[in-house]
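Below you'll find the structure, written out as structure tokens, and then a few comments.
The values are calculated or read from the model by the stated rules, or taken from the named source; none is laboratory data. Just so we're clear, the structure is a prediction, and the values are computed from it rather than from any experiment. For neighbour counting, all protein chains shown are included, and Cβ atoms are generated from backbone atoms with ideal geometry for every residue, glycine included. Heads up: the accessible areas ignore ligands, DNA and RNA and are worked out on the full protein's heavy atoms, side chains in. Shrake-Rupley method; radii C 1.70, N 1.55, O 1.52, S 1.80 Å.
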Amino acid sequence: MDLVEPTGASRMELKGLFPRELEDFAVSIGLEPYRGRQIVAWIYRRGTTNFDEMTDLSKVVRGRLKECATVLDLRAVAEVRSEDGHTVKVLFELPDGQRVESVLMVEGRRRTLCVSSQVGCPLDCGFCATGRMGLLRDLTAGEILDQLIAVRRMLSAKGEDLTNVVMMGMGEPLLNYDNVVRAIRLMNLDYGPAIGMRRITLSTVGHVPGILRLAEEGLKVGLAISLNATTDAQRTQIMSINRKWPISALLDAAHTYRQKTGRRVTFEYVLLHGFNDTPDDARRLVKLVRNISCKINLIPWNPIHNAPFLRPPQPCIDRFVEILADAYLTATVRYSKGVEIAAGCGQLYQDVSAPQASA
Ligand code: SAH
């Protein structure tokens, strides 16, 4: 990263920089390198965005920082809670006015944040609302990370903290690879949010080169792959990405990820009634994945407008699970949280024309 002497006109955005880069930045504006490390704790661990609150910095240092730097602070413009209060959808406004959503899910002592990686999504999976927006832009590493920092700040007011992160919000994380990986490393930072790699899961549509690259990254994050069908013909109908990377390529990549990282891969499977939820589908699924050490995550489809699908009735779901269980596969059903507030998987869709009021 080039660290040029910043002028008033072009201040350096600090959120998203690694500790080493913050040290270099401090030096570049005439401060000691350890000032960079102090800033790490303030912006990443405590979530401070105002230099005046950085009380272990002298007034002169704070003044220099104000002249030369900014700290991103995503604004929560709406917060919607599910009836049981266990799911909270937060709508964040980015500096350019675009909006993304994050979803906080509370389950016992677990606090999981579902984070967005892009504004919209370039893929067009037929069952998902986000794809209908198209891709508006990638999020920066700072914008990905700040969803987590902002929610941690909200939780800390109640004496709580985040325990898990899933990169399963708006967008395809592996199509914004560099920023997503940088954000994950920052989430994991000891002097920052310190979320363990084992508590971070990245969900991909099945972008094979991205999976193989991630396998070499040395990150050891959990990987979830949206399989969603058991034949190429069927998968292509709902996910056009399958033309590029068919099921066999995807399974090979999953196998490689497992071998390189030692982590069990999760296959996500959205259940669409009458399309991919029959006992035959379940049996084909068993055959596909039985040689890979994996978990299956079944997601009964969450309704979105004008999509030609139905959520399966409970007996279909139960039968599907039973067939997987009989084959000794680990399968769980994800009854999406917050369906009634459109915060379930695939329902995250910003209505740009009608900003929502706080609920
Ligand atoms: N682009 C990534 C992450 C976002 S989608 C991916 O494709 O994995 C996160 C998960 O939600 C995916 O498994 C996707 O298949 C699923 N999903 C999308 N729309 C859904 C819907 N309407 N109902 C249930 N699950 C859905």
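When you go through R199, R213, R258, R235 one by one, which is the residue that is surrounded by fewer than 15 Cβ atoms within 10 Å (Cβ to Cβ) and free of Cβ contacts under 8 Å to residues at least 40 places away in the same chain?
Numbers: R199 fails: surrounded by fewer than 15 Cβ atoms within 10 Å (Cβ to Cβ); R258 fails: surrounded by fewer than 15 Cβ atoms within 10 Å (Cβ to Cβ); R235 fails: surrounded by fewer than 15 Cβ atoms within 10 Å (Cβ to Cβ).
Step by step, each of R199, R213, R258, R235 is checked, and only R213 is surrounded by fewer than 15 Cβ atoms within 10 Å (Cβ to Cβ) and free of Cβ contacts under 8 Å to residues at least 40 places away in the same chain.
Kindly provide the set of residues from the stretch 152-168 that are in contact with a helix residue (DSSP H, G or I) (Cβ under 8 Å, 6 or more places away or on another chain), within 16 Å of the ligand (Cβ to nearest atom) and either open to solvent by 10 Å² or more (accessible area, probe 1.4 Å) or closer than 15 Å to L94 by Cα (or both), ordered by number.
Quick first cut of the stretch 152-168, residues in contact with a helix residue (DSSP H, G or I) (Cβ under 8 Å, 6 or more places away or on another chain) only: 161-165, 167.
Then drop every residue that is not within 16 Å of the ligand (Cβ to nearest atom), which leaves 164-165, 167.
Within the stretch 152-168, just N164 meets the criteria.
Taking the condition more than 24 Å from Q118 (Cβ to Cβ) and modelled with pLDDT of 95 or more, does G262 pass? Before the answer, list the steps.
Details: more than 24 Å from Q118 (Cβ to Cβ): yes; modelled with pLDDT of 95 or more: yes.
Considered against the rule, which asks whether it is more than 24 Å from Q118 (Cβ to Cβ) and modelled with pLDDT of 95 or more, G262 comes out as yes.
Would you say I149 is away from the ligand (no atom under 13 Å from the Cβ) and either in a helix (DSSP H, G or I) or in contact (Cβ under 8 Å) with a residue 12 or more places away in the chain (or both)?
Working: away from the ligand (no atom under 13 Å from the Cβ): yes; either in a helix (DSSP H, G or I) or in contact (Cβ under 8 Å) with a residue 12 or more places away in the chain (or both): yes.
Taking the combined requirement at face value, the residue satisfies it.
State all residues of the stretch 121-146 that are more than 11 Å from the ligand (Cβ to nearest atom) and either touching a Ser or Thr at 6+ places or on another chain (Cβ under 8 Å) or of a type in the set (V, I, T) (or both); if no residue qualifies, say none.
D124, D138, L139, T140, I144 - these are the residues of the stretch 121-146 that are more than 11 Å from the ligand (Cβ to nearest atom) and either touching a Ser or Thr at 6+ places or on another chain (Cβ under 8 Å) or of a type in the set (V, I, T) (or both).
Please go through the stretch 172-196 and pick out each residue that is assigned to a helix (DSSP H, G or I), more than 14 Å from S117 (Cα to Cα) and open to solvent by 10 Å² or more (accessible area, probe 1.4 Å).
R185, N188
Residues G169, G131: which one is assigned to a helix (DSSP H, G or I) and in contact with a strand residue (DSSP E or B) (Cβ under 9 Å, 6 or more places away or on another chain)? Walk me through how you get there before you give the answer.
Working: G169 fails: assigned to a helix (DSSP H, G or I).
Exactly one of G169, G131 is assigned to a helix (DSSP H, G or I) and in contact with a strand residue (DSSP E or B) (Cβ under 9 Å, 6 or more places away or on another chain), namely G131.
Is it the case, given these coordinates, that P279 is within 16 Å of the ligand (Cβ to nearest atom) and modelled with pLDDT of 95 or more? Lay out the reasoning, then the answer.
Details: within 16 Å of the ligand (Cβ to nearest atom): no; modelled with pLDDT of 95 or more: yes.
Here the answer is no, as P279 does not meet what is asked.
Taking the stretch 320-330 as the search range and keeping residues that are of a type in the set (A, V, I, L, M) and not in a helix (DSSP H, G or I), which one is farthest from the ligand (Cβ to nearest atom)? Outline the logic, then answer.
In the first step, residues of the stretch 320-330 are kept if they are of a type in the set (A, V, I, L, M); the result is 321, 323-325, 327, 329.
If we keep only those that are not in a helix (DSSP H, G or I) too, we end up with 327, 329.
Working: A327: 21, L329: 17 Å.
So, considering only residues that are of a type in the set (A, V, I, L, M) and not in a helix (DSSP H, G or I), the one farthest from the ligand (Cβ to nearest atom) is A327.
What are the residues in the stretch 331-344 that are more than 14 Å from the ligand (Cβ to nearest atom) and aromatic (F, W, Y), if any?
Across the stretch 331-344, there are no qualifying residues.
Within the stretch 289-314, work out how many residues are within 24 Å of the chain's Cα centre (by Cα) and at positive phi.
0
Within the stretch 91-126, how many residues are farther than 21 Å from V165 by Cα and either in contact with a strand residue (DSSP E or B) (Cβ under 6 Å, 6 or more places away or on another chain) or among the polar types (S, T, N, Q) (or both)? Working first, answer last.
As a first pass, look at the stretch 91-126 and keep what is farther than 21 Å from V165 by Cα: 95-98, 122-126.
Narrowing the set further to residues that are either in contact with a strand residue (DSSP E or B) (Cβ under 6 Å, 6 or more places away or on another chain) or among the polar types (S, T, N, Q) (or both) leaves 98, 122.
Looking only at that region, the number is 2.
Output the residues belonging to the stretch 280-294 that are open to solvent by less than 50 Å² (accessible area, probe 1.4 Å) and either more than 26 Å from A253 (Cα to Cα) or charged (D, E, K, R) (or both). Explain how you work it out, then say what you get.
First pass over the stretch 280-294, keeping only residues open to solvent by less than 50 Å² (accessible area, probe 1.4 Å): 281-282, 285-286, 288-289, 292-294.
Within the stretch 280-294, D281 is the sole residue that qualifies.
Look through T266, T230 and report the one residue that is among the hydroxyl-bearing types (S, T, Y), under 23 Å from M168 (Cα atoms) and over 19 Å from the mean Cα position of the chain (by Cα). Before the answer, list the steps.
Numbers: T266 fails: over 19 Å from the mean Cα position of the chain (by Cα).
Criteria check complete, one pass: T230.
Can you work out which of the residues in the stretch 295-311 that are open to solvent by 10 Å² or more (accessible area, probe 1.4 Å) and more than 10 Å from the ligand (Cβ to nearest atom) is nearest to T278 (Cα to Cα)?
Of everything passing the filter in the stretch 295-311, L310 is nearest to T278 (Cα to Cα).
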